[in-house]
Amino acid sequence: MAVTIDLTLDCADAQLLAGFWKTALGYIDEPPPPPFETREEWLAQFDLPEDDAEDDGAWLCDPDGVGPRLSILRVAEPKTAKNRLHIDVRLPGHGSPEERWARIRAESERLVEAGGAVLAEFGGHHIVMADPEGNEFCVAAGPA
């Protein structure tokens, strides 16, 4: 039996990154696990340090239940190097290479408007980007 995976991003501002990744992936805020009604209620069961707040974390999920869960957690230390693991945002749809590249370019422009930055373009194939805190990811077309 295969296992599932969650992806976790360390960050300085969990709510900023949550907003960006909801825009990028079409994800939603994940509801708290049963029997809890709110995320605050769920967090209260843990013996968290006094300086931890509900806004220090965000939990996102694919509304269709297909993609991995994304946890975004505030940490004290800053990002200092290139990610060892990054997310590939794969765009749906088929078409000619020119049509796929046009979709990739349009999506990268949309994500720049949401706070991302273009780092490099590999013409016709993919664009390397960074989220608002500098975490690298790629935008590419799905399988042809």
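Read the figures in this text as sums done on the coordinates, not as results from a lab. Owing to the predicted nature of the structure, the values given are computational and were not obtained by experimental measurement. Glycine gets a Cβ as well: all are built from the backbone with ideal geometry, and neighbour counts include every protein chain shown.
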About its Cα centre, how strong a charge dipole does segment 1-117 have in debye, to the nearest 20, once Lys and Arg get +1 and Asp and Glu get -1 at the Cβ? 880
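Within 13 Å, Cβ to Cβ, of GLY123, how many net charges do the neighbouring residues add up to if Lys/Arg are +1 and Asp/Glu are -1?
Net charge around GLY123: 0.
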Note on the chain, DSSP bridge orientation, antiparallel percent to nearest 5 equals 60
For segment 72-101 versus segment 1-37, the gap between their alpha-carbon centres in whole angstrom: 15
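For the chain, what does the helix formula give at 222 nm: sum of -39500 (n - 2.57) over DSSP H segments with n ≥ 4, over the residue count, nearest 500 deg cm²/dmol?
Helices in the chain give a 222 nm mean residue ellipticity of -7000 deg cm²/dmol.
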Report ³J(HN,Hα) in whole Hz for each residue of segment 81-90, in order, from the Karplus equation J = 6.51 cos²θ - 1.76 cosθ + 1.60 where θ = phi - 60°; Gly and Pro get x. 8, 5, 4, 8, 9, 9, 8, 9, 8, 9
Search the structure for amide H atoms under 5 Å from the amide H of CYS138, placed 1.01 Å from N in the peptide plane, and list their residues when 5 or more places away or on another chain. ILE87, ASP88, VAL89, MET129
Fewest-first ordering of MET1, MET129 by Cβ atoms within 10 Å yields MET1, MET129
Round to the nearest 10 and give me the degree value, 0 to 90, for the angle of helix 97-113's Cα axis relative to the longest principal axis of the chain. 40
Ordered by packing density, taken as the mean number of other Cβ atoms within 10 Å over each peptide's residues, highest first, how do 109-118, 60-69, 12-21 rank? 12-21, 109-118, 60-69
So in segment 6-74, what percent of DSSP beta bridges are antiparallel if you round to the nearest 5? 50
